[in-house]
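Have a look at the structure below, then the notes.
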Amino acid sequence: MIEIQSLAALREQIGQEIAVSDWFEVTQERITQFAEATEDRQWIHVDAARAAVESPFKTTIAQGFLTLSLVSVLAWRSMTLGGIRLAINYGVNRVRFVSPVPAGSRIRGRFAPVAVDEVGNGVQVTWGVTIQREGGERPCCIAEWVVLYYPEDSNA
């Protein structure tokens, strides 16, 4: 885990990878819970027996949106930002699900600030995020993730 003293410090690191999370296991239980929460119960996610026979991956795989939703936990496990009172997930600019995340895989996030902009009482940071699967040749997900941070001294 790295500690970033302030949002201002990020401006000096635009385009540089500054944080890499620890590995995070994506279990079948998590995939099934996500399927229930989102009603994305496609067999490739929840039916291990069928996936073993019919899927090109020979196992169930995580939903792409599950992989994307783990970006914030991977970020919070890889870095802390000093002087922040509140962080709001503002959205994504680009997302690509490049390769599957089979059940039981371990993934990690790699983070680089792409842009740091003043917005009202806060600071909007666009992060370049690459999610890798342990042992995988290609990333699972590549995204531009936008977070709005409010410093401790803001009124927001």
So is residue 138 in contact with a strand residue (DSSP E or B) (Cβ under 8 Å, 6 or more places away or on another chain), of a type in the set (D, E, K, R), open to solvent by 50 Å² or more (accessible area, probe 1.4 Å) and not in a helix (DSSP H, G or I) or not? no
Scan region 38-59 and give yes if some residue there is touching a strand residue (DSSP E or B) at 6+ places or on another chain (Cβ under 6 Å), closer than 27 Å to residue 127 by Cα, not charged (D, E, K, R) and not in a helix (DSSP H, G or I), otherwise no. no
Answer yes or no: is there a residue in region 99-111 that is more than 29 Å from residue 59 (Cα to Cα), among the polar types (S, T, N, Q) and either in a loop (DSSP other than H, G, I, E, B) or open to solvent by 30 Å² or more (accessible area, probe 1.4 Å) (or both). no
Is it true that some residue in region 77-98 is open to solvent by less than 60 Å² (accessible area, probe 1.4 Å) and assigned to a helix (DSSP H, G or I)? no
Looking only at region 25-46, and only at residues there that are open to solvent by less than 60 Å² (accessible area, probe 1.4 Å) and not hydrophobic (A, V, I, L, M, F, W, C), the one that is farthest from residue 106 (Cα to Cα): 40
In region 4-24, residues that are surrounded by 12 or more Cβ atoms within 10 Å (Cβ to Cβ) and charged (D, E, K, R) total 2
Tell me which of these residue 60 doesn't satisfy, since it passes every other one: (1) without any contact (Cβ under 8 Å) to a residue 24 or more places away in the chain; (2) open to solvent by less than 50 Å² (accessible area, probe 1.4 Å). (1)
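One line per residue, one yes/no per condition, for (1) over 20 Å from the mean Cα position of the chain (by Cα); (2) at pLDDT 95 or above; (3) of a type in the set (Ser, Thr, Tyr); (4) closer than 23 Å to residue 143 by Cα:
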site	(1), (2), (3), (4)
43	yes, yes, no, no
47	yes, yes, no, no
53	yes, yes, no, no
59	yes, yes, yes, no
62	no, yes, no, yes
70	no, yes, no, yes
82	yes, no, no, no
86	no, no, no, yes
95	no, yes, no, yes
Within the group 137, 118, 152, which residue is in contact with a Lys or Arg (Cβ under 9 Å, 6 or more places away or on another chain) and over 14 Å from residue 67 (Cα atoms)? 152
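The values are calculated or read from the model by the stated rules, or taken from the named source; none is laboratory data. Note that the structure is a prediction, hence the values are computed from the model and not measured. Virtual Cβ from ideal backbone geometry, glycine too; neighbours counted across all protein chains shown. We work out accessible area using only protein heavy atoms, side chains counted, and drop any ligands, DNA or RNA first. Shrake-Rupley method; radii C 1.70, N 1.55, O 1.52, S 1.80 Å.
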